[in-house]
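Everything on this sheet refers to the single structure shown next.
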Amino acid sequence: MNNVVVTSVRAHIKNAVFDAFPGVRRRGPSASRRVALTFDDGPDHLTERYLDMLDQLGVPATFFLVGGRAASRPDLVREYRRRGHQIAGHGYDHKRFNQLGRRELLEQCAATETALGGQLSGRPWVRPPHGSLDATSLLSLVAAGYTVAMWSLDSRDYSTNSSSDIVRACARVTAGDVLLLHEGQQWTLDALPNIVAALQAAGLECVTMHDLFAN
Ligand SMILES: [Zn+2]
C-alpha cells in the first residue's frame, strides 16, 4: 500500500473508534438535516468580524477557544455567548494533548474552563489542538467529565489562503457533518457567505455542535 492509502486506512480506523467511544462527538445524526460550523483558535483580532459576519448570515456556530487567549479577552468571551454561539475549550496554550501528562492536561482544561466562565450545559466540551489525542489523553478527558469534540469535514483552511478552496472543500458537506474551520484568517471569513449559501441551498440548517447532538 502507498502512504496515502495507509493514512486513509488509519484515519478510517480512528474515526470508527471515535464514533464508537462514549463521550466523543465527531458527526451528528444524518436524519436531521442539520450541520455545525466550528471555528478553532480564537479569540483574536478578527473575532468581532467573524461574529458580525455570522450575525449577517443569521447562523450560530461553535467556537473552540484557546484558554490563554480567552483569559486576555473576557469581553470577546462574553460577546460569543451574547450572540448565541457555543463556546468550548481548545487547550490553554494550544499544546498537543498527547504531549501533556495527565495532570497537566486536566489543569490546562480546568484553567480554560475558568477563562470561559463555564459552559452551557452539563459536560464541558473540549477539542484537542491539532486533533492530537492518544488513548491516555482521551480516557483522562472522558473520565474527568469532558465531551471530546472532533469533526467530520475538514475544510483544510489552514493549508490554503484561497477562500474558493475552502468553499469547494465545504461543498462536500452532508447532513450531520461537523465542519472544521479556523478563526484569525481573512480567507476563511471571506468564504463564509458562500459556505452558508451552499448549505442552505442543500436544505441544511446550521446549529451549534451542542444542538446537533442534543436529542
Ligand atoms: Zn487549534
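Here are the numbers for the structure shown:
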quantity	calculated
The range 53-158, relative contact order in percent, only Cα pairs under 8 angstrom and at least six apart counted	26 percent
Which of VAL207, GLY101, TYR158, positive extreme of dipole for the chain (C-beta unit charges)	GLY101
Cα-centred dipole magnitude for the chain, charges only on beta-carbon of K, R (+1) and D, E (-1), debye, nearest 20	560 debye
Accessible area in square angstrom per residue, the chain, 1.4 angstrom probe	47 Å²
Angstrom value of the Kirkwood radius, inverse mean 1/r, which spans all Cα pairs in the range 69-192	15.7 Å
Equivalent ellipsoid semi-axes - Cα gyration tensor, the range 53-120, angstrom	25, 12, 9
Calculated P(r) tail over 25 Å for the chain, as whole % of Cα pairs	35 percent
More than 10 angstrom apart: percent of Cα pairs within the range 89-128	68 percent
Per residue, the convex hull volume that the Cα atoms of the range 121-164 enclose (Å³)	94 Å³
Cα-based shape type of the range 13-112, given that a ≥ b ≥ c are square roots of the gyration tensor eigenvalues and the cut on a/c is 1.5	oblate
Two-decimal ratio, the range 22-68, of alpha-carbon radius of gyration to 2.2 N^0.38 Å	1.39
Loop trypsin sites (Lys or Arg not before Pro), the range 53-83 (other Cβ atoms within 10 Å of the site Cβ: 13 or fewer; DSSP)	ARG83
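The values are calculated or read from the model by the stated rules, or taken from the named source; none is laboratory data. Just so it is clear, the structure is predicted and the values come from calculations on it, not from any experiment. Ideal geometry is used to build each Cβ from the backbone, glycine not excepted, and the neighbour counts take in all protein chains shown. To get the accessible areas, we keep the full protein, side chains included, count just its heavy atoms, and leave off ligands, DNA and RNA. Shrake-Rupley method; radii C 1.70, N 1.55, O 1.52, S 1.80 Å.
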